[in-house]
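What follows is calculated from the coordinates using simple rules that are stated; it is not laboratory data. Everything numeric here is computed off the predicted structure, so don't read it as measured data. Here Cβ is always computed from backbone atoms with ideal geometry, including for glycine, and neighbour counts include all displayed protein chains.
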Amino acid sequence: MRNRLHVKVPRTAAKGDVIRLMSKLNHPMESGWRKRLDGQVAPKSLAGEFRCLLNGREVFRADLESGTASDPYLSFYVRVEESGVFRFQWVGDGDQRFEAEAAIEVMG
Amino acid sequence: MLSRREILLLCGAVTAAGLPFGGMLREASAAPADAKKLLAELTGGAEQQQDGVKITLPAVTDQARHVPMRVSVESPMTEQDHVKAIHVVAERNPTPAIASFHLSPSNGKAEISTRIRLLQTQVVVAAVEMSDGSVRIGKARCKITGGAGGCG
């Protein structure tokens with residue numbers, strides 16, 4: 001399977017905690033510089049837009065250029081005040097779109 | 001069929017003569033000046049301070065296609081004082097731009113990790129836009145050993 005999307009979110013957290021979120025997308029992230037075995041340059045194809053939303057509100061965004069490695073991986077932090085659902089969106093060239101969700105329960 | 005010795009001699013001759021092979025390599029990698037221009041564009045030309053930004057890269061790696069990188073910025077991440085964006089640029093990659101990360105007070109901590117590509121041994125620069133409009137710069141050098149760089 002190509003283009004598998006992985007996300008890692010703690011199941012529970014205390015109110016006000018700063019938690020670490022991770023996401024990885026299996027994607028070749030063609031830089032537009034790589035030569036294939038037949039000598040042709042592989043056309044540029046990136047999954048360049050990443051967005052993370054908590055209950056529909058954007059908490060983190062990244063614009064990835066060709067200097068990002070293949071199978072892009074991102075880790076970042078978010079302060080949680082309420083339970084909810086994290087939504088991870090990757091948007092690539094040519095209308096590629098990958099999404100995943102993960103719920104978190106916030107206590108206290 | 002060339003012997004190993006002949007191939008080595010040939011490679012040496014090509015490099016010494018500065019023939020197209022060497023020229024191609026130079027052409028494919030941007031000059032640090034391009035990276036400076038790009039950074040100025042990304043940050044709107046604000047004055048740059050050199051503190052509070054830490055880039056963590058391996059000092060030496062032979063895995064140029066997947067170089068782990070962490071950028072952390074000293075900031076309380078409050079409404080009044082937080083990191084708005086982190087721009088990462090590799091001076092000697094064919095396309096210097098690596099990524100831009102957009103943060104807000106809801107992040108709680110200004111730290112991101114990812115994996116990057118580096119064509120050759122070089123300095124990676126992170127320009128950080130703060131909420132008060134100031135720009136901070138952090139730098140780290142990574143040595144690439146063995147084989148081709150990570151961009152091809």
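Going 7 Å from the Cα of A:V41 in the Cα-to-Cβ direction, what parts of segment B:79-99 have a backbone nitrogen less than 18 Å from that spot?
In segment B:79-99, the label zone of A:V41 (backbone N under 18 Å from the point 7 Å along Cα→Cβ) covers B:92-98.
If you average the alpha carbon positions of segment A:58-73 and of segment B:42-111, how far apart do those two centres end up, in angstrom?
After rounding, the separation between the Cα centres reads 12 Å.
What's the longest piece of chain A with no exposed trypsin sites (Lys or Arg not before Pro), counting a site as exposed if DSSP puts it in a loop and it has at most 12 other beta carbons within 10 Å?
After excluding every exposed loop site, the longest remaining stretch is A:37-108.
Using the eigenvalues of the Cα gyration tensor, what equivalent ellipsoid semi-axes result for chain A when each is taken as the square root of five times the eigenvalue, whole Å, largest first?
32, 11, 11
Let me see the pair-distance distribution of the protein assembly as shown: every alpha carbon pair, 10 Å bin width, integer percents in order.
Reading the bins upward from 0: 7, 27, 32, 20, 8, 3, 1, 0.
According to a simple spin-label model (label point 7 Å from Cα along Cα-to-Cβ), what is the distance in nm between A:V18 and B:T145?
It is 3.5 nm.
Over chain A, what is the relative contact order in percent, taking alpha-carbon pairs closer than 8 angstrom and at least six residues apart?
34 percent
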